[in-house]
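S.K.: First the structure, which I've put down as structure tokens, then a few questions once you've had a look.
The values are calculated or read from the model by the stated rules, or taken from the named source; none is laboratory data. None of the values given here were measured: they were computed from a predicted structure. Cβ: placed from backbone, ideal geometry, glycine included. Neighbour counts: every protein chain shown. Keep in mind that these areas ignore ligands, DNA and RNA; they rest on the heavy atoms of the full protein, side chains included. Shrake-Rupley method; radii C 1.70, N 1.55, O 1.52, S 1.80 Å.
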Amino acid sequence: MSADPRRQVPRTDTLLADPELAPAVDRLGRELVKSAVQEVQQRIRDGEVGPGDAVAAVLAGLPPTASSLRPVLNATGVLVHTNLGRSPLSAAAVAAIAAAGGTTDVELDLVTGRRGPRGAAAITALLAAVPAAQAAIVVNNCAAALALVATALGGELVIARGELVEIGDGFRIPELLVATGARLREVGTTNRVTLDDYRDALHEETGAVLKVHPSNFVVRGFTRAVPVAELAAALSGSGVPLVADVGSGLLRPHPALPDEPDLQTTLADGADLVLASGDKLLGGPQAGLVLGRADLVQRLRRHPLYRALRVDKTTLAALEATLRGPLPPVQEMLAADLAGLRRRAAALAARLAAAGLDAVAVDSEARVGGGGAPEHPLPSAAVSLPGDLAEPLRAGTPPVVGYVAGNRTLLDLRSLPPAADDALAGAVLAVAEDAA
Ligand SMILES: *Cc1c(COP(=O)(O)O)cnc(C)c1O
């Protein structure tokens, strides 16, 4: 009779009312706890959990937060990994998000009590970082910035054929531009474009000349492009604005990435507007940055579409903190020296080997990723493990994402903050123990 544990499944209401689960209900909400309760009830019916252990099993099965997004250790060697949320935010940016998450003065002047300019501090920080810009606005991402420019400047956009770029996962910049109703006037060929090609394409309906940084490929051999400075000089006096999408969001030239364009130099070279992402090399939140001539920025801000593309208070908070606070993780990773990376790899490998694992430190190559510095490997160091560990590591707690090379799983350390080394070792040891 009642000896069968499946007959003694505690009732949902009884479990939800258990005082031990009350803090979880407060923290996660009743529905999430209820799902965990129902899973445990099923496991009791299946004979996997004893009825007396129900509450403990529910507690163990609760998610850490009310969001199912989990922190992941990025050991891919790709610093800006789009599938892993691109740039990790600095602690300062995370704190700024938490502070702005409630009600905040994003659009209120607390001195006068009147409406104030939205996100003014983030704009001020951007302009301080890029003095060649007269004005700036922030939209949802760089794709939104392109859509706004194409819509507001409108007419015909002149663009080189070699810059009709697909960024990733089917996102093609020319298709986005055309979707706004703009017309494209393609100039040059796949590999070559000249100043005359641009000159010949201009007419009264030209809305802008657009230069797009081919951020995820390079063309080699018989090639020719027109530098921003030359194009700007040729356009000056024509009234046609030169808009440059630099993508990566570098504010200034970076010694480790000599071929990557930056906002300050591109504007100083004469571009009227520059566009970039906030969550690539800048190391901040997802955002589209538009900087440059005040009259053009004002035109974009006044356009009705801007209202549909603007960012929220948490993005503004994180962007300002990224610009004004300590160096964000992506910049730290870029600056990390090889000797330090090798020391970390050696220490980790030694620790794992001491626990009986087949782990060795090896040299590796990291990449910027996320549409930046293609073909520019960054020297790095990794922990090399048996190849069959890649999958269980992804399923571990916390999940670790490395990559497989030959019959080895490599965990690259340039894409991982040094503070996460302990967590990495712990996660690898837990997976190895499970496998043993
Ligand atoms: C990455 C990239 C984009 C798209 O940026 P999102 O912020 O992802 O919308 C656009 N243009 C270039 C040149 C890029 O590198």
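S.K.: Considering only residues of the range 138-171 that are more than 8 Å from the ligand (Cβ to nearest atom) and β-branched (Val, Ile, Thr), which is surrounded by the most Cβ atoms within 10 Å (Cβ to Cβ)?
M.R.: Residue satisfying both the conditions and the ranking: Val149.
S.K.: Next question. Taking only the range 48-97 into account, find how many residues are farther than 22 Å from Ala317 by Cα and within 16 Å of the ligand (Cβ to nearest atom).
M.R.: Residues flagged as farther than 22 Å from Ala317 by Cα and within 16 Å of the ligand (Cβ to nearest atom) within the range 48-97 amount to 4.
S.K.: While we're looking at this one, here's another question. Among the candidates Ala128, Ala100, Ala56, Ala93, which residue alone is of a type outside the set (Ser, Thr, Tyr), open to solvent by 50 Å² or more (accessible area, probe 1.4 Å) and more than 30 Å from Ala208 (Cβ to Cβ)?
M.R.: Unique residue meeting the criteria: Ala56.
S.K.: Right, another one. Restricting the search to the range 172-190, which residues are closer than 21 Å to Val246 by Cβ and open to solvent by less than 70 Å² (accessible area, probe 1.4 Å)?
M.R.: Ile173, Pro174, Leu176, Leu177, Thr180, Ala182, Leu184, Val187, Gly188 - these are the residues of the range 172-190 that are closer than 21 Å to Val246 by Cβ and open to solvent by less than 70 Å² (accessible area, probe 1.4 Å).
S.K.: Could I ask something else about it? Output the number of the condition that Arg70 fails; it satisfies all remaining conditions of (1) out of contact with any strand residue (DSSP E or B) (no Cβ under 8 Å at 6 or more places or on another chain); (2) at pLDDT 95 or above.
M.R.: (2)
S.K.: Quick one: how many residues across the range 406-422 are surrounded by fewer than 16 Cβ atoms within 10 Å (Cβ to Cβ), of a type in the set (Gly, Ala, Ser) and under 25 Å from the mean Cα position of the chain (by Cα)?
M.R.: Residues in the range 406-422 being surrounded by fewer than 16 Cβ atoms within 10 Å (Cβ to Cβ), of a type in the set (Gly, Ala, Ser) and under 25 Å from the mean Cα position of the chain (by Cα): 1 in total.
S.K.: Within the range 227-270, can you find the residues that are modelled with pLDDT under 95, open to solvent by 30 Å² or more (accessible area, probe 1.4 Å), within 16 Å of the ligand (Cβ to nearest atom) and farther than 23 Å from Arg192 by Cα?
M.R.: Hit for the range 227-270 is His254, nothing else.
S.K.: Mind checking which residues of the range 208-226 are outside any loop (DSSP other than H, G, I, E, B) and open to solvent by less than 10 Å² (accessible area, probe 1.4 Å)?
M.R.: If the condition is that a residue be outside any loop (DSSP other than H, G, I, E, B) and open to solvent by less than 10 Å² (accessible area, probe 1.4 Å), then Ala208, Val209, Leu210, Val212 are the ones that fit.
S.K.: Then there's this: Residues in the range 19-27: is at least one within 30 Å of Asn83 (Cβ to Cβ) and either out of contact with any helix residue (DSSP H, G or I) (no Cβ under 6 Å at 6 or more places or on another chain) or outside the structural domain of Thr397 (by TED's automatic domain parsing) (or both)? Reasoning before the result, please.
M.R.: Kept after step one, since they are within 30 Å of Asn83 (Cβ to Cβ), are these residues of the range 19-27: 27.
Of the ones still in play, those that are also either out of contact with any helix residue (DSSP H, G or I) (no Cβ under 6 Å at 6 or more places or on another chain) or outside the structural domain of Thr397 (by TED's automatic domain parsing) (or both) are 27.
Yes, the range 19-27 contains a residue that is within 30 Å of Asn83 (Cβ to Cβ) and either out of contact with any helix residue (DSSP H, G or I) (no Cβ under 6 Å at 6 or more places or on another chain) or outside the structural domain of Thr397 (by TED's automatic domain parsing) (or both).
S.K.: Okay, moving on. Within the range 340-356, does at least one residue satisfy the condition of being within 23 Å of Asp169 (Cβ to Cβ) and either surrounded by 21 or more Cβ atoms within 10 Å (Cβ to Cβ) or not assigned by TED's automatic domain parsing to the domain that holds Gly101 (or both)?
M.R.: no
S.K.: To continue, here is another question. Scan the range 191-205 for residues that are of a type outside the set (Lys, Arg) and open to solvent by less than 80 Å² (accessible area, probe 1.4 Å) and report the count.
M.R.: In the first step, residues of the range 191-205 are kept if they are of a type outside the set (Lys, Arg); the result is 191, 193-198, 200-205.
Imposing the further condition that a residue be open to solvent by less than 80 Å² (accessible area, probe 1.4 Å) reduces the set to 191, 193-195, 197-198, 201-203.
Residues flagged as of a type outside the set (Lys, Arg) and open to solvent by less than 80 Å² (accessible area, probe 1.4 Å) within the range 191-205 amount to 9.
S.K.: Where residues in the range 170-205 are touching a residue at least 40 places away in the same chain (Cβ under 8 Å) and in a loop (DSSP other than H, G, I, E, B), which of them is farthest from the chain's Cα centre (by Cα)?
M.R.: Among residues in the range 170-205 that are touching a residue at least 40 places away in the same chain (Cβ under 8 Å) and in a loop (DSSP other than H, G, I, E, B), the one farthest from the chain's Cα centre (by Cα) is His203.
S.K.: Check whether at least one residue in the range 271-283 is away from the ligand (no atom under 11 Å from the Cβ), on the phi > 0 side of the Ramachandran plot, part of a loop (DSSP other than H, G, I, E, B) and open to solvent by less than 10 Å² (accessible area, probe 1.4 Å), and report yes or no.
M.R.: Scanning the range 271-283 turns up at least one residue that is away from the ligand (no atom under 11 Å from the Cβ), on the phi > 0 side of the Ramachandran plot, part of a loop (DSSP other than H, G, I, E, B) and open to solvent by less than 10 Å² (accessible area, probe 1.4 Å).
S.K.: Could I ask something else about it? Report, by residue number, each residue of the range 126-169 that is closer than 12 Å to Leu291 by Cβ, among the small types (Gly, Ala, Ser) and assigned to a helix (DSSP H, G or I).
M.R.: Ala128, Ala129, Ala145
S.K.: Right, something else. When you look at Val219, is it within 16 Å of the ligand (Cβ to nearest atom) and under 21 Å from Val149 (Cβ atoms), yes or no?
M.R.: Details: within 16 Å of the ligand (Cβ to nearest atom): yes; under 21 Å from Val149 (Cβ atoms): no.
Taking the combined requirement at face value, the residue does not satisfy it.
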